[in-house]
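Trainee: Here it is: the structure, laid out below.
No value in this document is a laboratory result; all are computed from the given coordinates. Remember, predicted model here, so these are calculated numbers, not experimental data. Glycine gets a Cβ as well: all are built from the backbone with ideal geometry, and neighbour counts include every protein chain shown.
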């Protein structure tokens, strides 16, 4: 079988996954950024939950292959959604910061489902991360996972060869790095104030209380 460029990139990235997640464990200096600049639209439309007029806006930069991001989304995000987003206290913006080609490919798949299913797919990706992200054959592991959420081989290949979509995801990451000092995942901004790491429920409550 002849491999296309996307298959070769994904397969060659298998050894990068552990390194990418290790990067997310590095400490980051406290930092604040201009909230208006942070909320300016990027190349791709933001994925948002919550009311526009919420008193607190939380922006998360994540990588789909980051174990720390998966831990946050499994342990803390349900509390964030129930107690803050659904009660009108928080507007939540989720942005891509892929640390490797497999993470970029996963984001491309998530971006290609209907808008109303985006966050559901992200939730499943994090919940099932070990089944598709950490593999000696990430291409086929991701393909098998994609089939479980409704992709065919044809639609999978079409999505992963969408260069404009990949460029947009990479532009989101590059802007986060150059304009907002993001260097690891997960990184959060609470009304523009930077908080790094997979924060616990208790840490989330303590941080959110500063703005509510």
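Trainee: What number results when the radius of gyration of region 5-208, computed over Cα atoms, is divided by 2.2 N^0.38 Å?
Mentor: Details: Rg = 16.2 Å, N = 204, 2.2 N^0.38 = 16.6 Å.
Here the Cα radius of gyration is 0.97 times the empirical estimate.
Trainee: At 0.36 nm per residue, minus the direct Cα-Cα distance, what do residue 155 and residue 175 gain on full extension? Give it in nm, one decimal, please. Write out the running numbers ahead of the final one.
Mentor: Numbers: separation 20, 0.36 × 20 = 7.20 nm, distance 2.87 nm.
Computed gain between residue 155 and residue 175 is 4.3 nm.
Trainee: When the chain is modelled as a GNM with alpha-carbon springs shorter than 10 Å, which of 98, 138, 55 fluctuates the most?
Mentor: 55
Trainee: Please work out the FRET efficiency for the pair residue 191 and residue 75, using the Cβ-Cβ distance as r and a Förster radius of 22 Å; give the result to the nearest 0.05.
Mentor: On the way: r = 23 Å, r/R0 = 1.04.
So the FRET efficiency works out to roughly 0.45.
Trainee: Only Cα pairs within less than 10 Å get springs; with that Gaussian network setup on the chain, which residue of 113, 59, 195 has the largest fluctuation?
Mentor: Between 113, 59, 195, it is 113 that shows the largest mean-square fluctuation.
Trainee: Compute the length gained on full extension between residue 87 and residue 48: take 0.36 nm times their separation in residues and subtract their Cα-Cα distance, giving the result in nm to one decimal. Don't skip to the end; give the middle numbers.
Mentor: Values: separation 39, 0.36 × 39 = 14.04 nm, distance 1.48 nm.
Roughly 12.6 nm would be gained on extension.
Trainee: What order do you get for 68, 73 when you list them from fewest to most C-beta neighbours inside 10 Å?
Mentor: By the 10 Å Cβ count, ascending: 68, 73.
Trainee: Who wins for biggest fluctuation among 188, 151, 92 in a Gaussian network model of the chain, springs between alpha carbons below 10 Å?
Mentor: Ranking 188, 151, 92 by mean-square fluctuation puts 151 first.
Trainee: Which percent, to the nearest 5, of DSSP beta bridges fully inside region 5-208 are antiparallel? All intermediate terms of the calculation are to be shown ahead of the outcome.
Mentor: On the way: 12 of 19 bridges.
Around 65 percent antiparallel, to the nearest 5.
Trainee: Give me 38, 212 sorted ascending by neighbouring Cβ count inside 10 Å, so fewest comes first. Present the calculation step by step, with values, prior to reporting the outcome.
Mentor: Values: 38 19, 212 11.
So the ranking, lowest neighbour count to highest, is 212, 38.
Trainee: Given the Cα-Cα distance of residue 205 and residue 36 and 0.36 nm per residue of separation, how much length would full extension add, in nm? Write out the running numbers ahead of the final one.
Mentor: Details: separation 169, 0.36 × 169 = 60.84 nm, distance 2.38 nm.
Computed gain between residue 205 and residue 36 is 58.5 nm.
Trainee: Using 7 Å Cα-to-Cβ label points, what is the residue 137/residue 162 separation (nm, one decimal)?
Mentor: Here the answer is 2.6 nm between the modelled labels.
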